[in-house]
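Okay, structure first, notes after.
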Amino acid sequence: MSILSLCLIQFFNLKKGESVNLLEIKGVYKCYNEKQKPKVYAVHNISLNIKKGEILGLVGESGCGKSTLGKMLLKLEQPTRGRIIFNRHDITDYSFNQMRKIRNSMQMIFQGTANAFNPYFTVKQIISEPLNNYSSESAEEKEKKIVAMLEKVGLNHTYLTRYSQEMSGGQRQRVGIARALILNPEFVVCDEAVSSIDYALKRQILTLLIDLKRQFDLTYLFISHDISAVNKICDRVVVMYLGNIMEIISGINDKVQHPYTKALLAATLVPDPKKRSKNMVLLREGEELKIPEKGCVFQNRCLYTQEVCKTKQPALVPHNDEHYIACHFCCKNRI
Ligand SMILES: Nc1ncnc2c1ncn2[C@@H]1O[C@H](COP(=O)(O)OP(=O)(O)OP(=O)(O)O)[C@@H](O)[C@H]1O
Ligand SMILES: [Mg+2]
């Protein structure tokens with residue numbers, strides 16, 4: 001088939017409103033300690049597509065595997081099993097040198113970046129690091145680029161000579177964003193980019209991330225504990241529990257079906273006290289956060305566990321358009 005016909009097919013598919021997948025995650029597992037028996041998976045059989053231009057949210061309790069999944073997509077961690085396809089290239093077995101060629105297209109705003117910068121580095125050195133690794137521009141050109149990026153994130157050239165301890169948490173957060181975007185990536189994993197900052201600043205950073213996404217045509221995986229932030233900026237949200245996907249939905253709202261997602265929603269602060277009474281605690285308390293040997297991973301904490309949940313793991317199946325659920329009882333299309 002000629003290149004022209006391939007382009008035409010792609011053009012007509014896009015015209016029909018079909019979106020292109022930037023990332024395809026196929027049956028991905030991560031086990032950090034392969035010798036342990038039984039094996040414990042930080043990420044367990046995850047299959048998921050991330051569409052070009054979308055903001056995909058990833059939520060779930062601490063330790064459920066969010067950062068591990070984000071790192072595997074950028075090959076900062078190697079999957080134990082499964083495939084990762086980026087821009088239609090299977091990068092699962094790419095070598096360090098092969099990854100170098102595409103590393104500038106995929107970046108991460110690291111969890112806790114704000115506190116993780118080298119204290120002996122100035123802002124200029126922090127943001128220069130990726131440029132020095134990937135760009136052959138002159139020092140002058142690099143500095144121009146850095147200043148332009150600082151301005152995009154609401155800082156300016158006066159910050160070039162500052163050390164991280166001379167900035168506020170919000171300013172450091174912006175430097176982390178500038179560092180991730182300086183190579184003009186296509187895909188960014190934002191790992192808790194707005195955690196532990198106050199409400200006003202959170203709004204500013206979220207607005208900034210949305211603006212930058214529009215300007216640079218970015219695709220984000222937005223990892224967060226913060227349901228309100230996720231609902232504010234994400235097109236779809238993936239809910240994880242102990243390494244498994246429980247639900248994929250357009251937002252953590254009244255439409256959620258999985259008992260775990262309902263519990264997450266119940267745990268968010270609702271300003272109106274009249275509405276709070278509807279959101280009661282929906283988890284079995286005091287149960288150990290341990291992966292059961294068989295059946296549904298959520299069985300120990302679910303209020304609705306039945307016999308089948310103890311023996312058979314529910315598959316993730318479509319409930320409605322773009323809404324997927326892994327539960328034996330709350331998905332209308334369950335067979
Ligand atoms: N390098 C590592 N070696 C061994 N175990 C690890 C490693 N990194 C993560 N883990 C384990 O994998 C599991 C998932 O960790 P991960 O950091 O992905 O969780 P998370 O969902 O990002 O949590 P949080 O919300 O606290 O950031 C945890 O049990 C963690 O202890
Ligand atoms: Mg994490």
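The values are calculated or read from the model by the stated rules, or taken from the named source; none is laboratory data. Here the structure is a predicted model, which means the values were calculated and not measured. Cβ sites come from the backbone with ideal geometry, for glycine too, and all protein chains shown count toward neighbours. Calculation scope for accessible area: heavy atoms of the full protein, side chains included, ligands and nucleic acids excluded. Shrake-Rupley method; radii C 1.70, N 1.55, O 1.52, S 1.80 Å.
Remark: pairs (first residue in the stretch 163-191, on the phi < 0 side of the Ramachandran plot and among the hydroxyl-bearing types (Ser, Thr, Tyr); second residue more than 16 Å from ligand 1 (Cβ to nearest atom) and open to solvent by 40 Å² or more (accessible area, probe 1.4 Å); Cβ separation under 7 Å; 6+ apart in sequence or on different chains) = 163/119; 164/119; 164/172. Taken as a whole, the stretch 99-107 holds no residue that is open to solvent by less than 50 Å² (accessible area, probe 1.4 Å), on the phi > 0 side of the Ramachandran plot and not hydroxyl-bearing (Ser, Thr, Tyr). Residues of the stretch 65-87 include none that is surrounded by fewer than 17 Cβ atoms within 10 Å (Cβ to Cβ), within 24 Å of residue 211 (Cβ to Cβ) and within 16 Å of ligand 2 (Cβ to nearest atom). Quick one: in the stretch 209-257, which of the residues that are more than 17 Å from the chain's Cα centre (by Cα) and crowded, with 18+ Cβ neighbours inside 10 Å is farthest from ligand 2 (Cβ to nearest atom)? This residue is 257.
Would you check if residue 193 is assigned to a helix (DSSP H, G or I) and open to solvent by less than 70 Å² (accessible area, probe 1.4 Å)? In short, no. Within the stretch 72-95, the set of residues being touching a strand residue (DSSP E or B) at 6+ places or on another chain (Cβ under 8 Å), within 12 Å of ligand 1 (Cβ to nearest atom) and without any contact (Cβ under 8 Å) to a residue 40 or more places away in the chain comprises 76 only. Considering the conditions (1) in a helix (DSSP H, G or I); (2) modelled with pLDDT of 95 or more; (3) of a type in the set (Val, Ile, Thr), residue 9 is excluded by exactly one of them, (2).
Each row is one residue, and each column tells you yes or no for (1) among the charged types (D, E, K, R); (2) assigned to a helix (DSSP H, G or I); (3) under 26 Å from residue 26 (Cβ atoms).
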{"site": "202", "(1), (2), (3)": "yes, yes, no"}
{"site": "210", "(1), (2), (3)": "no, yes, no"}
{"site": "220", "(1), (2), (3)": "no, no, yes"}
{"site": "229", "(1), (2), (3)": "no, yes, no"}
{"site": "239", "(1), (2), (3)": "no, no, yes"}
{"site": "247", "(1), (2), (3)": "yes, no, yes"}
{"site": "253", "(1), (2), (3)": "no, no, no"}
{"site": "260", "(1), (2), (3)": "no, yes, yes"}
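Residue count for the stretch 153-167, restricted to those that are open to solvent by 80 Å² or more (accessible area, probe 1.4 Å) and out of contact with any strand residue (DSSP E or B) (no Cβ under 9 Å at 6 or more places or on another chain): 3.
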